[in-house]
Amino acid sequence: MKVTVLGGGNEIGASCLHIQFEEVSILIDAGMRMHGENSLPMFGMLDELSKPDIVIITHAHADHIGALPVIHAMYPDVPVYSTPPTADLMQIMMKDSYKILTEQSRLTESLVPYTEEQMNNFLQQIRVFPANGVLEIAGVKITSYRAGHIVGAVMFLIEGNGERILVTGDLSFNGGRTIPGAKVADDIRPDVVVMESTYGNRLHTDRNTEEKRLAENVAATIENGGFALIPAFAIGRAQEILLILQAYMEKGLIPTFPIYVDGLVTPVCRVYKNYPHYLKGPVAHRIRTNGDAFLTEGRCIAVDSKNRNAIVQGNPACIVASSGMLTGGASAWYARHLVTDEKNAVYLTGYQDEESPGKKLLALAEGTENTLDIDGTTYQVKCRVDKFGLSAHADASEMTRFIETLEPTYTLLVHGDDEARIGLIEKIHPRFQPVLTENGETYPFEKRKEKKGIVGRRYKRNREQELLRNYIGSVLLYKKEGDQNYKFGLCQKVHPKIATLYCETPKGKVDKVEASSVAETLGPWNLSIERYTAVAFEVLTFSRPYLEGINWDLLPEYIVSLQEIFQTLQVTDEAQQFAIAIALQSIPKECRHVDLEGRVGYRLDKKVKFKLSNLDLPIQAIKMNPNHAMDHVRSYFTDHSHFLRCGVQQNGTDNPHILLSFDFPQSITNTERKRVIKDIKKRTGWDTVFSDSVRHEAFQPVLSSLLGSDVDMPSVHINQSLVVTKEPKPENSLEISRKFNETTGFALRFAEDHDSVGLNSSSTETFMANSDQEPMENNQAIAIAKQYGEKNNVKIYKTSMKKVNGQPLMELHFISPEIAVQYQDMLLNLSKEIGIAVQFAKQPKQNEIIRITNASIPPAWGMKGNPSVHMDKAEVSIKVTNEFTEAELAEVRDHILKQTGYTLQVK
């Protein structure tokens, strides 16, 4: 194994390492120097070294990523990997850096290190680490571990050819308020550790003291009528400052004041917000609860260059702006406008490069400087300047203890000035062979046997608790006691003593889950929380689309894990992986195996594979829930003129289905029905049945439209698929009949055609008494008819008068023809009295029958939906969910029959 330091060895800036494992070469980081003529690492040495097989990135600060477009231009076929947050942050930082580099090159009349096209090409090619944080390339294994420092920052353990090397990148063991500190994996025993040494010659001051001092000084500056400018690194430091100041305000420890956030801080805060599962619990909770923890409404206000003049001319406030060393960006603009006023203050919170304006500000605070150069202009500094210890790097004590925990054979110190590295090498025990690296040097290592044991006390490990902690950061599939369905949860923390997991649901809530309730572990989740939410919702709503077409026959018939299933089936899409995990919970219990350590495996025989392939198992969400399904069906029929409604038929049927209702179901052809059934199955997972019920009242407007005038309600003969109208037969009757049949599926007959179609002439019975009495005046006759109804205790809903062959005819509308025939004597007597023939309407009052049925059904029956009226059978049918006695049914059925003439049918 050989380690070559191309940059960032005896300096802070241009970090770049080349590591050779026999046939495999790895490049770690490619940063830039912020000052000086030579901004790039020593890329010329790559001609003498092996071409990189892969480039991996520790984190998104410019001194680690600034030169990546150059590397990508040199080796466009070499993949570049980072964590998802780092990938998102690089999209922001690279584009901003290019603007600054372009301006600097213009002022110095020099070339930019790379072109905009090279930068964009690189940004489009970034790949993210797998969720489990492990990459393998030609027998070399690369494992990432949380490094603290900023969101997404990692260190890398690289193993190959019997050797192990750990490259820390930038480390923070405290983590601050925003992110957890570095993960100390004390069981990896690397042969070599390459460790940063930024603060190798000092110990950090008490964090709480520094936070309190910063908050109080900012508040005092604003209270005295000044502006408090805090130049901050856009990634990491700015988010810490915003959380500190807001926390002190919320606790009432300092007055409330506005905080203006400018420069790259704003877009970076949005990236942080999208990865709450990478942040500390309280911050993640605030994001879930309030939508944000950094840019809070009314307190932390995002601004840009258009607002700056108004801000510095307005009321006193705090300004948090990038960059942290005043080398450009928003903070340099504010400094130019604020440093000459003694009421203002500039508060520095992080590392300052020797050549940066920030370093000169520190000298000014000590009284050795009184001017400041920004972008080539000198300013007299009259404002207050102070520094606060909020470092995101490990200090000397932490780094020393880290090395003692890891027990490497060699320790290479990088990323620090000479004072820091010399201070640290004196603290590290000689048995760890610390080395002060130099840029351009190669450090070869021969194979050796790993040492065993660690320095200090050994703690007895609780294997069960370790297994529980392994759940943290992973997506779990679980089903709590009493629940019917499985849920997805992103494990945030564990309570090992009570074996309880705290999982974030797709709705952003935290669910307490017993470890015994976990059915499957889908593995670590390292993409955004938005992606997790979207995937979980999609699969739990409708899993079928992600399971169709999977070739389950590829799986072996011996026991395999879920991850092995993904690998064998070559499934990389997250939604498809979620759906497969759900589907496997539906297989028979004997196909699922759990070992002593709780690991789940599956042995699928041919029968089970066949059922999975045909989706012939009770898979969760293989159908949409009824409400979602009906929404999709309604959307599907948006432009269908004959569609009425849809309903789900579940209870009491062996084949749950969606029932489709149309005004004229006979107009839907078999071809169209097959297409609809196939489409709805694909869209919702539900089978489809077409209702045969015809909407009788819909025939009248169709007929009116075809005849071009208002018509009376025609007679509908369901069994004969025939509609008979009393309207005169027009000349174009054949064309009208054809269009009527095309629209409704029913044949149309006119008055003159009655006999020809064999209709019984008594089908509409007329009551006419032999009387020499002159016909009564219409209004008087109608009044008499109303009296007859009241006298006989029957409701007549409507009375109309018409003429047939020049003779008057009265038509009475009862609730149904079945009720009307019970009053034939009444109708005959009425005809005698008024001297006019009397007829009853053949059409029932469907809405009235439905109303009476609704009112008659006991609530305890649990009726679902509305009753259905079947005119051809004189029946009204309902669906119920609860039991009832035969006596109850008989009583209700008798009541409805007496009121409506219709027989009640119950499903």
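Derivation of every value follows stated rules applied to the coordinates shown; laboratory data play no part. Values in this document were obtained by computation on a predicted structure and should not be read as measured data. In this analysis, Cβ positions are derived from the backbone assuming ideal geometry, glycine residues included, and neighbour counts consider all displayed protein chains.
Some notes on this structure:
- Förster radius 56 Å - calculated FRET efficiency between ASP712 and THR541 (Cβ-Cβ, nearest 0.05): 0.70
- Theoretical ellipticity at 222 nm over the chain - DSSP helices of four or more residues, -39500 (n - 2.57) apiece, nearest 500: -9500 deg cm²/dmol
- Folded to 0 to 90 degrees: helix 670-684 orientation relative to the chain principal axis, Cα: 30
- Among the trypsin sites (Lys or Arg not before Pro) in the range 524-599, those placed in a DSSP loop whose Cβ has at most 16 other Cβ atoms within 10 Å are ARG599.
- Ignoring aspartates and glutamates fewer than eight residues from LYS493 along the same chain, the ones with Cα atoms less than 13 angstrom from its Cα are GLU466, GLU504, ASP511, GLU514.
- Order of ASP96, ASP418 under a 10 Å beta carbon neighbour criterion, fewest first: ASP418, ASP96
- Efficiency of FRET between ASP77 and THR442 - r from beta-carbon atoms, R0 22 angstrom, step 0.05: 0.35
- Extension gain for GLN780 to ASP872 (0.36 nm times residue separation, less C-alpha to C-alpha distance): 29.6 nm.
- Radius of gyration and maximum dimension Dmax of the range 846-906, Cα, Å: 10.5, 30
- Long-range tail of P(r) for the range 804-907 (Cα pairs > 24 Å, %): 36
- Dipole of the chain [Lys/Arg +1, Asp/Glu -1 at C-beta], most positive-end residue of ALA887, GLN20, ILE244: ALA887
- Taking the range 766-840 and dividing mean pair separation by its residue count, relative contact order in percent (alpha carbons under 8 Å, at least six apart): 46
- Its Cα centre serving as origin, the range 696-757 has a Cβ charge dipole (Lys and Arg +1, Asp and Glu -1) of approximately 140 debye.
- Debye log10 I(q)/I(0) at q = 0.09, 0.10 Å⁻¹ for the chain, Cα point scatterers: -0.97, -1.12
- Toward the positive end of the charge dipole of the range 696-757, with +1 on the Cβ of Lys and Arg and -1 on the Cβ of Asp and Glu, the farthest Cα among MET713, ALA698, ALA751 is that of ALA698.
- Distance between the range 823-891 and the range 668-714 - C-alpha centres, whole angstrom: 25
- Convex hull volume per residue in cubic angstrom - Cα atoms of the range 169-271: 146
- With neighbours defined as other Cβ atoms within 10 Å of a residue's Cβ, the residues GLU727, GLU223 order from fewest to most as GLU223, GLU727.
- Virtual spin-label span in nm between GLU697 and GLU216, 7 Å along Cα→Cβ: 7.9
- Taking only alpha carbon atoms, the range 463-613 gives an Rg to Rh ratio of 0.95, where Rh is the Kirkwood radius.
- Distance (nanometres) between label positions extended 7 Å along Cα→Cβ at GLU590 and LEU111: 7.3
- The range 372-402 residues near the modelled ASP206 label - backbone nitrogen below 17 Å, point 7 Å along Cα→Cβ: 388-391
- FRET efficiency for the GLU557 to ASN132 pair, using the beta carbon distance and R₀ = 30 Å, is estimated at 0.70.
- Normalised by the number of residues in the chain, the mean separation of alpha-carbon contacts (under 8 Å, six or more apart) gives a relative contact order of 8 percent.
- Remark: C-alpha extents of the range 766-840 on the principal axes read 28, 22, 21 Å, sorted largest to smallest.
- Placing unit charges on the Cβ atoms only, positive for Lys and Arg and negative for Asp and Glu, gives the chain a dipole magnitude near 2020 debye about its Cα centre.
- Protection proxy ranking, peptides 385-391, 615-621, average beta carbon neighbours within 10 Å, highest first: 385-391, 615-621
- Here the gap between GLU22 and ALA860, fully extended at 0.36 nm per residue and compared with their Cα-Cα distance, gives a gain of 293.8 nm.
- Theoretical gain in end-to-end length, LYS141 to SER635 [0.36 nm per residue, Cα-Cα removed]: 172.8 nm
- Distance from the C-alpha centroid of the range 429-449 to that of the range 1-66: 17 Å, rounded to the whole angstrom.
- Likely footprinting exposure, ARG384, ARG603, fewest C-beta neighbours within 10 Å first: ARG603, ARG384
- Between THR500 and LYS678, the simple label model (points 7 Å from Cα in the Cβ direction) yields a spacing of 5.3 nm.
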